[in-house]
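Okay, so here's the structure we're looking at.
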Amino acid sequence: MSPLLEFDNVTLSFGGLVAVDRLSFTVENGEVFAIVGPNGAGKSTAFNLISRFYDPVEGKIRLAGDDLVQHPSHDLAGLGVARTFQNIELFDQATVLENLLIGRHRFRKSNLLTEIAFTPFVRDQERQHRHAVEEVIDFLDLQPYREKRIAGLPYGVRKVVELGRALATKPRLLLLDEPASGLSVEETRDMAYWIEDIKKQMGITVLMVEHDMHLVSSVSDRVLAMADGHKLALGTPDEVQSHPAVLEAYLGAGDTADREAAE
Ligand SMILES: Nc1ncnc2c1ncn2[C@@H]1O[C@H](COP(=O)(O)OP(=O)(O)OP(=O)(O)O)[C@@H](O)[C@H]1O
């Protein structure tokens, strides 16, 4: 069986700078896979290549064996890929419920005329969207916030809503861009529980870019460490954290150490 996602010798340059350098790795169905590395390592660029913001100059990216580069980025939801963003991207003036319903947009099969007529088909479709969204609201304990506007919500809650919006599309591959950034230690622990449940209860494959090594080692099956666009190490969290090349790249750095020192 093909891996869910495959990077095969992928290169991307910005002018003279090689941001991703002949990078190969696979993400298997059902795993939580993390990409780590110091600033500028190429993690976001790898992520943005999957999101189809860029075309690789060399190499192949495949989703379940299908050449992803043949698809524009607006096809991704239909292919079962959803993502969150480092800087949360929600509609601030809309409620939590409305934001999650927007996440269901790809399932709309009606056209404007049938919607105006509000046919039984449209009504039934609307019911299904609501049902899927209510499931996500229950799953992420967002019940107290469902009618609240995003603008008034604390950062940590908005981060969970964004996760919910991605989940509402029922993806098979969920891309999380720094899910712990800006979260407190307690909120990060909650995020780790969500990620584990997303994998175990929903069976969704998770690929994340993350700096917080506590989160990475508590939830990831495998970790890819990058530096200067290329692979430093790939393996279990323990294998990667004790790899000499990784220790060297991280020497004297680390958000986790900073956070622990601050506590
Ligand atoms: N759009 C762009 N144009 C030019 N250079 C870019 C662009 N995006 C990224 N780069 C450069 O490519 C390299 C890799 O950047 P990237 O953002 O992928 O790193 P990263 O590992 O995600 O870093 P961080 O942890 O700081 O987010 C960096 O040198 C960066 O300056």
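Scanning the range 33-59 for residues that are in a strand (DSSP E or B) and at negative phi yields Phe33, Ala34, Ile35, Val36, Glu58.
Of all residues in the range 72-87, those satisfying the criterion of being touching a residue at least 24 places away in the same chain (Cβ under 8 Å) and either among the polar types (S, T, N, Q) or more than 21 Å from Thr205 (Cα to Cα) (or both) are Thr84, Gln86. Only a single criterion out of (1) of a type in the set (Val, Ile, Thr); (2) at pLDDT below 90; (3) surrounded by 15 or more Cβ atoms within 10 Å (Cβ to Cβ) is not satisfied by Thr119, namely (3).
With Val209, Val223 as the choices, which residue is touching a residue at least 12 places away in the same chain (Cβ under 8 Å), within 16 Å of the ligand (Cβ to nearest atom) and either over 13 Å from the mean Cα position of the chain (by Cα) or assigned by TED's automatic domain parsing to the domain that holds Leu100 (or both)? Only one candidate qualifies: Val223.
So for the range 14-36 (the condition being closer than 30 Å to Pro154 by Cα, among the aromatic types (Phe, Trp, Tyr) and touching a residue at least 40 places away in the same chain (Cβ under 8 Å)), does at least one residue qualify? Yes, that holds for at least one residue. Could you list, in sequence order, all residues of the range 224-240 that are in contact with a helix residue (DSSP H, G or I) (Cβ under 7 Å, 6 or more places away or on another chain) and farther than 20 Å from Val20 by Cβ? Listed by number, the list holds a single entry, Pro237. Just checking: which of the strands (runs of 3 or more DSSP E) contained wholly in the range 173-234 hold 1 or more residues that are of a type in the set (Ser, Thr, Tyr) and at pLDDT 95 or above? Correct list: 205-209. Gly30 meets each of the listed conditions (1) over 15 Å from the mean Cα position of the chain (by Cα); (2) at positive phi; (3) part of a loop (DSSP other than H, G, I, E, B) apart from (1).
For (1) surrounded by 15 or more Cβ atoms within 10 Å (Cβ to Cβ); (2) farther than 30 Å from Ala245 by Cβ, each residue gets a yes or a no:
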position	(1), (2)
Ser44	yes, no
Phe47	yes, no
Asp55	no, no
Asp75	no, yes
Gly78	no, yes
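For the range 150-195, which positions are surrounded by fewer than 16 Cβ atoms within 10 Å (Cβ to Cβ), touching a residue at least 24 places away in the same chain (Cβ under 8 Å) and in the same structural domain as Lys43 (by TED's automatic domain parsing)? If the condition is that a residue be surrounded by fewer than 16 Cβ atoms within 10 Å (Cβ to Cβ), touching a residue at least 24 places away in the same chain (Cβ under 8 Å) and in the same structural domain as Lys43 (by TED's automatic domain parsing), then Gly182, Ser184, Val185 are the ones that fit. Would you pick out the residues in the range 1-56 that are hydroxyl-bearing (Ser, Thr, Tyr) and either more than 9 Å from the ligand (Cβ to nearest atom) or more than 24 Å from Glu248 (Cα to Cα) (or both)? Passing the criteria: Ser2, Thr11, Ser13, Ser24, Thr26, Ser51, Tyr54. The test for being under 19 Å from Leu167 (Cα atoms), buried (at least 18 other Cβ atoms within 10 Å of the Cβ) and away from the ligand (no atom under 13 Å from the Cβ) holds for Asn99.
Taking the criterion of being assigned to a strand (DSSP E or B) and within 16 Å of the ligand (Cβ to nearest atom), the only residue of the range 60-76 that qualifies is Ile61. Being under 26 Å from Gly37 (Cβ atoms), touching a Lys or Arg at 6+ places or on another chain (Cβ under 8 Å) and surrounded by 17 or more Cβ atoms within 10 Å (Cβ to Cβ) is a property that Val206 has.
The values are calculated or read from the model by the stated rules, or taken from the named source; none is laboratory data. All of these numbers come straight from a predicted model, not from anything done at the bench. Every residue, glycine among them, receives a Cβ derived from its backbone with ideal geometry; neighbour counts consider all protein chains shown.
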